[in-house]
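Novice: Quick one: the structure is below, questions incoming.
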Amino acid sequence: MKNAFYLFLLTSWTMQAQTLRPDLRNPSIWTASGIHAEPLDDVKYPGIRFNETTQGGLYILNQPEFSEGSIEFDLRGRNQLQKSFVGLAFHIQNDSVYDAIYFRPFNFRPEDTSRQSRAVQYISSPKNHWFTLRTAFPGKYENKVQPVPDPDGWFHVRIEVAGQEVKVYVNNSEMPSLSVTKLSSTTSGRLGLWVGNQSDAGFANLEISPFKKMNAVPYGNNKDAGSYCQVGDARIYYEVYGQGSPIVLLHGGVYGYIDEFKPLIERLAAHFQVICIGTRGHGKSEMGRLPFTWAQRANDAYQVIRAVSNEKTTVIGFSDGAYTAYKLAALYPQAVNKIVAIGAGDFPKNSKREKFNYNPELLMRDAANFFKSRLALMPEPNRWDECLQGLNHLYNNETLSKETFQQITCPTLLVAGDQDQYHRPEDLVNVARYIPESQLCIINGCDHVVFYCNFPMFWESIRTFINSGKLP
């Protein structure tokens, strides 16, 4: 009977005919490692409960293996400091090799609000546990949870795994509370419920759906939406979505590319013509032979805009792209209606700033699979080190301050997190002082990538700024 049951699961999985709902209370299909499960007979939450243990452990589903798709379940921890670490492991190879997403419910609504940004966590065992990741990449692999659940109550979780990308949604939110690129090279493995040390937890209503709710649009590599514009010594790649008044998206540097704006593209394209531009040396855009400058980037963007539209456009830029937006508005006011600059403060001459030293070895050690996928898009991957050296020179030597800001006459919205690791809030305040038609939005508890940290707040701030009666 047990073998027949497994065959049914595997057949369902292979054919992708239906969602898999394994019985949490059937111990014959699970293997407990370090923890003990007790059944929960709650009508709404029929599942299991794990009692507190010293080390925590895994409750592993024996079959089938999981590659990519959507995993949903209800979860309950407790609001007790350092005694509630609960979540799910995936791509399990053995008891110590796996990736996992887990929650700290005691950080959902803490009195010390700085702990909110540590409410949900990604780890990749055994090399990349929370301490290692927090030390090396603060704020990158953990985040606050939106909307904020009851720390003592049940909450709903959806984890989506698509290739190397992992996104975590809570209580049916449209926007992820956490979005990361996997650090491990595994592509499949078993699933398991994950409980940390000194934690007890309840799990219920587990559903596993291969490729459920996956958006198949290959942003940044979409042959149906992509084109090239020859600008001087380089071909600049861009994609266009939707119809209406134009909005231009300018992505961040090094890690950034068109696909980082996926949430924005999907919302804006329902009401506007969205022009997504790949910066020189990023993705499918060529890097050319000339040194990188903000003026060069602005000219690239201007030429692409004019290849698509003769109208004035709203420009939304993040980080590197925000500085391009500043320069574009200053040099080509005839093309710019409004700008939204995200995570880009005042950079005057002689300002103290972190010296950047990006190189292939460092980035491959940080996120090898992520950058391998980026290199696969590049027309000249053998020039990646040259591109990074050009970016280091741009970031370490170019300045952009009041000389540019005072030339900007269009309405400007400045957005940043109060915990941005590159720009202090006062750096944004300085920019706002120099631009006459400017507004400033500082989002509490967020780091540099503010639109991933708190998308609802971010969306509301830009929606009201760019709204022309079109955005809901």
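Novice: Does ILE316 meet the test of being β-branched (Val, Ile, Thr), modelled with pLDDT of 95 or more and farther than 19 Å from HIS251 by Cα?
Specialist: Numbers: β-branched (Val, Ile, Thr): yes; modelled with pLDDT of 95 or more: yes; farther than 19 Å from HIS251 by Cα: no.
Judged against the criteria, ILE316 is not a match.
Novice: Quick one: which strands (runs of 3 or more DSSP E) sit completely within the stretch 29-109 and have at least 2 residues that are aromatic (Phe, Trp, Tyr)?
Specialist: Details: elements: 30-33, 37-41, 46-50, 57-61, 69-76, 86-92, 98-103.
Passing ranges, in order: 98-103.
Novice: Confirm whether GLN116 is of a type outside the set (A, V, I, L, M), surrounded by 16 or more Cβ atoms within 10 Å (Cβ to Cβ) and outside any loop (DSSP other than H, G, I, E, B).
Specialist: For GLN116, the condition - of a type outside the set (A, V, I, L, M), surrounded by 16 or more Cβ atoms within 10 Å (Cβ to Cβ) and outside any loop (DSSP other than H, G, I, E, B) - is met.
Novice: Out of the residues in the stretch 434-452 meeting the condition of being at pLDDT below 90 and not in a loop (DSSP other than H, G, I, E, B), tell me which one is nearest to LYS402 (Cα to Cα).
Specialist: Step by step, filter the stretch 434-452, then rank; the result is VAL450.
Novice: If you check every pair at least six apart or on different chains, which have Cβ atoms under 7 Å apart with a residue in the stretch 363-374 that is under 17 Å from GLY256 (Cβ atoms) and touching a residue at least 60 places away in the same chain (Cβ under 8 Å) first and a residue that is assigned to a helix (DSSP H, G or I) and not polar (S, T, N, Q) second?
Specialist: Cβ pairs passing all conditions: LEU363/PHE371.
Novice: Looking at the stretch 225-236, can you tell me whether even one residue there is without any contact (Cβ under 8 Å) to a residue 60 or more places away in the chain and farther than 30 Å from ALA329 by Cβ?
Specialist: Checking the stretch 225-236: not a single residue is without any contact (Cβ under 8 Å) to a residue 60 or more places away in the chain and farther than 30 Å from ALA329 by Cβ.
Novice: How many residues does the stretch 63-100 hold that are closer than 21 Å to GLY163 by Cβ, crowded, with 24+ Cβ neighbours inside 10 Å and of a type in the set (Val, Ile, Thr)?
Specialist: 1
Novice: Now a separate question. Quick check on LYS338: is it loosely packed, with under 15 Cβ neighbours inside 10 Å and either modelled with pLDDT under 95 or of a type outside the set (A, V, I, L, M, F, W, C) (or both)?
Specialist: On the way: loosely packed, with under 15 Cβ neighbours inside 10 Å: no; either modelled with pLDDT under 95 or of a type outside the set (A, V, I, L, M, F, W, C) (or both): yes.
Answer is no for this residue.
Novice: Let me ask you something else. Within the stretch 123-142, take every residue that is part of a strand (DSSP E or B) and in contact with a Lys or Arg (Cβ under 8 Å, 6 or more places away or on another chain) and give me the one that is nearest to GLU65 (Cα to Cα).
Specialist: Keep residues of the stretch 123-142 that are part of a strand (DSSP E or B), which gives 123-125, 128, 142.
Still in the list and also in contact with a Lys or Arg (Cβ under 8 Å, 6 or more places away or on another chain): 124, 142.
Details: SER124: 18, GLU142: 26 Å.
Per the criteria, the residue is SER124.
Novice: Oh, and also: Only one of (1) touching a residue at least 40 places away in the same chain (Cβ under 8 Å); (2) surrounded by 15 or more Cβ atoms within 10 Å (Cβ to Cβ); (3) closer than 28 Å to TYR45 by Cβ is not met by GLY153, so which one is it?
Specialist: Of the numbered conditions (1) touching a residue at least 40 places away in the same chain (Cβ under 8 Å); (2) surrounded by 15 or more Cβ atoms within 10 Å (Cβ to Cβ); (3) closer than 28 Å to TYR45 by Cβ, the odd one out for GLY153 is (2).
The values are calculated or read from the model by the stated rules, or taken from the named source; none is laboratory data. If you're wondering where the values come from, they're calculated on a predicted model, not measured in any experiment. For neighbour counting, all protein chains shown are included, and Cβ atoms are generated from backbone atoms with ideal geometry for every residue, glycine included.
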